[in-house]
2 protein chains.
Amino acid sequence: AVATPALAETPTLNWRLASSFPKSLDTIYGAAEVFCNRVKELTEGKFNIRPFAGGEIVPGPAVLDAVKDGTVEMGHTASYYFFGKDATFAFDTAMPFGLTSRQQTAWMLHGNGMKLMREFFAEYNVVNFLGGNTGTQMGGWFRKEIKTVEDLKGLKFRVGGFAGKVMTKLGTVPQQIPGSDIYTALEKGTIDAAEWVGPYDDEKLGFYKVAKVYHYPGWWEGGAQLSFYVSKKEWEKLPKLFQHAIEVASMEAHTDMQAKYDAKNPAALGRLLQNKISLKPFPQPVMEACFKAAQETFNEEAAKNPKFKKVYDDWVAFRNNQGQWFNVAEQSFAKFNMSRALK
Amino acid sequence: AVATPALAETPTLNWRLASSFPKSLDTIYGAAEVFCNRVKELTEGKFNIRPFAGGEIVPGPAVLDAVKDGTVEMGHTASYYFFGKDATFAFDTAMPFGLTSRQQTAWMLHGNGMKLMREFFAEYNVVNFLGGNTGTQMGGWFRKEIKTVEDLKGLKFRVGGFAGKVMTKLGTVPQQIPGSDIYTALEKGTIDAAEWVGPYDDEKLGFYKVAKVYHYPGWWEGGAQLSFYVSKKEWEKLPKLFQHAIEVASMEAHTDMQAKYDAKNPAALGRLLQNKISLKPFPQPVMEACFKAAQETFNEEAAKNPKFKKVYDDWVAFRNNQGQWFNVAEQSFAKFNMSRALK
């Protein structure tokens, strides 16, 4: 075996990290900064990874290919953006009616999630790491309230990959629009509704001015995980210490992002509610119809895509197993406690 | 300014970490192992922190003093064990009707929690770091079902610091018994009930054989955080790189512990339920009475303890602010989703 060179003898390494996100999404983009700063500190400045916002090197949706093809050594993205290449990518972010933030992390770290996704990503020259979570997102901004399952029919809804596919079964017409164009499309009525993230991010884009119904929950992302991608080819060349720095710094950034959202969302929701918006849950029959449509979509995908099926079989067992326990202590505490203020 | 010596010139450092926990609590004790291993890796083996289980160097409840007095350089503990010295310690673990696991982390990292607790701990020669979370714990094992608020009167309940104090207002007689003695005390009826952690840890101690009612939730620890303690005196002497290693390795261990519990508790609950136990929520009037008693206890403590009041004022504002948001997307998603299995 070759001895690992000590840090002192390791030459300085400069890498570029392409984020899929704009700097204005400071919580998500910020996780890449937290990560890069920490890696630098842990290597006495010898391992410099410089983060670039979406569009600076490659457009946000091109991050997977940029890592795969060696344009950049790292990416920070949401894997479900690549749902169109293979639905299996969605397990690395969020599946409709899937896992909460904590459950997703548990599946990745102490279920088979990381192992299965590493196998899948290897084909794309990617070693994936946890890169944050948003928590349960909102259902989005609707020009008209969704009151019945019928209201989904013909709805022009700006919504991403898997959710769009599921809702097509109910007659919804998914729209692909970049974040920067949503406001105008909603204002003009080119689209009927749009989902983005949650109160903290949504507030900045001002959707509350042009679509007054704020539906919840975003059942298609109960806990949307972000991911760091490292070029597998470059990973294998790294000194051990640099690998350890990536491993541990990604875990820190992962936890820090969720904490930042959890600290910032409550006040943002409070401010949004001062704008005469209507905060409404999706009606129960709508949730049920979407759940049924999701189930059908999963089964169809599993029947034709063996890679998807392999991960799905493991994931669905983990997910179903979580229900009983989380409904006991965790949910009953949160339900009682969050509805009562201490004075 | 003195230049930071490079890792190559830094002499090897050996530290001891005293855990408050037995190795049989593999999830909690294991976090100290995860932490120590990572620190070693990040320093090319130069910073060796060796973990010791409760009792090996000092008894579990003596960890604070051991760090304060320099017997060991580090500890891993639950700060609320030191509630008897000052109720302010409880904010670093869990307050009755307090925060969930995610909220506790959010308050620490992106609220004022860490800042306030660092100020408080400085008097004890401690720099504190996040060291894991158990999630919402169970209410415990009861020989007889709690059906009314009256049933709490005279109840000999093995329960810790703050919860015990709160329940005294309702006539409960809190019992202090080490984990290893609970089984026999429950079996003999020396005590009427005992709380420990949750399904994964409780199963190992076999309480289900001698107390058949498993109540939930443990409203006194909606998200019980563990903490790493570093001697402040030793911390200030550390090379920067060793400090960074502690900072980042503690974050990893923190997240890893919660993930491990979340992955292991569901199956453990499933197994427990095969033993003819009765899984019961505390009745709503019991929850309400305990909430009222907690509120009174907090106000009494704040009136006489300025250190407590300083942290409480910040904490209670953060806590109350969380309710509205978490009741929207997060709770509605979890409630719907966790009650429905995908097939």
- Task: Starting from a label point 7 Å past Cα on the Cβ side, list the distances from residue B:267 to the same position in the other copies, nm, shortest first.
- Result: 4.3
- Note on the structure: Amide H proximity to residue B:279 below 5 Å, modelled H, separation 5+ or other chain, gives B:214
- Task: Show which aspartates and glutamates lie in cross-link reach of residue A:204 when reach means a straight Cα distance below 17 angstrom and same-chain residues fewer than eight apart are skipped.
- Result: A:26, A:181, A:187, A:195, A:262
- Item | Filter on A:310/B:276; A:46/B:40; B:85/B:169; A:23/A:212; B:115/B:233 - keep pairs with C-alpha separation over 28 Å | A:310/B:276
- Cα-projected label distance for residue A:236 with residue A:305, points at 7 Å along beta-carbon direction, nm: 2.6 nm
- Message: What is the ratio of the Cα radius of gyration of chain A to 2.2 N^0.38 Å, with N the residue count, to two decimals?
- Response: 1.02
- Message: Against the empirical 2.2 N^0.38 Å scaling, what ratio does the C-alpha Rg of region B:230-343 come to?
- Response: 1.58
- Message: P(r) for region A:149-242, please, calculated from all Cα pair distances in 10 Å bins and given in %.
- Response: 13, 40, 23, 11, 10, 2
- Task: Compute the FRET efficiency between residue B:23 and residue A:184 as 1/(1 + (r/R0)^6), taking r as their Cβ-Cβ distance and R0 = 51 Å, and round to the nearest 0.05.
- Result: 0.25
- Message: What is the sum of charges, Lys and Arg at +1 and Asp and Glu at -1, for the other residues whose Cβ falls under 13 Å from the Cβ of residue B:285?
- Response: -1
- Query: So what are the protein assembly as shown's ellipsoid semi-axes, whole angstrom, largest first, if each one is the square root of 5 times an eigenvalue of the alpha-carbon gyration tensor?
  - Reply: 38, 34, 23
- 1/(1 + (r/R0)^6) with r = Cβ-Cβ of residue B:150 and residue B:12, R0 = 60 Å, i.e. FRET efficiency to nearest 0.05, evaluates to 0.45
- Which number comes out as Rg/Rh for region A:1-101 once both Rg and the Kirkwood Rh are worked out on C-alpha atoms? 1.05
- Item | J(HN,Hα) series, region B:101-106, from Karplus relation 6.51 cos²θ - 1.76 cosθ + 1.60, nearest Hz, glycine and proline x | 4, 5, 5, 4, 4, 5
- Under the helix-only model (-39500 (n - 2.57) for each DSSP H run of 4 or more, divided by the residues of chain B), the mean residue ellipticity at 222 nm, to 500 deg cm²/dmol, is -14000 deg cm²/dmol
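Charges only on Cβ, +1 for Lys and Arg, -1 for Asp and Glu: so what's the dipole of region A:1-159 about the Cα centre, in debye to the nearest 20? Before the final figure, lay out the partial values.
On the way: 17 positive and 16 negative charges, 101 e Å.
Using Cβ point charges on Lys, Arg, Asp and Glu, region A:1-159 gives about 480 debye.
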- Item | Relative intensity, log₁₀ I(q)/I(0), of region B:21-69 from a Debye sum that treats every alpha carbon as a point, q = 0.31, 0.33 Å⁻¹ | -1.06, -1.09
- Task: Please report which chain B residue places its beta carbon nearest the axis carrying chain B onto chain A, with the distance rounded to a whole angstrom.
- Result: B:8, 2
- Please give the residues of region B:90-116, grouped as numeric ranges, whose backbone N is less than 13 Å from a label point set 7 Å along the Cα-to-Cβ vector of residue B:169. B:96-97
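No value in this document is a laboratory result; all are computed from the given coordinates. Treat the numbers as computed from the prediction; the structure is a model and nothing was measured. Note: ideal-geometry Cβ built from the backbone for every residue, glycine included; neighbour counts use all protein chains shown.
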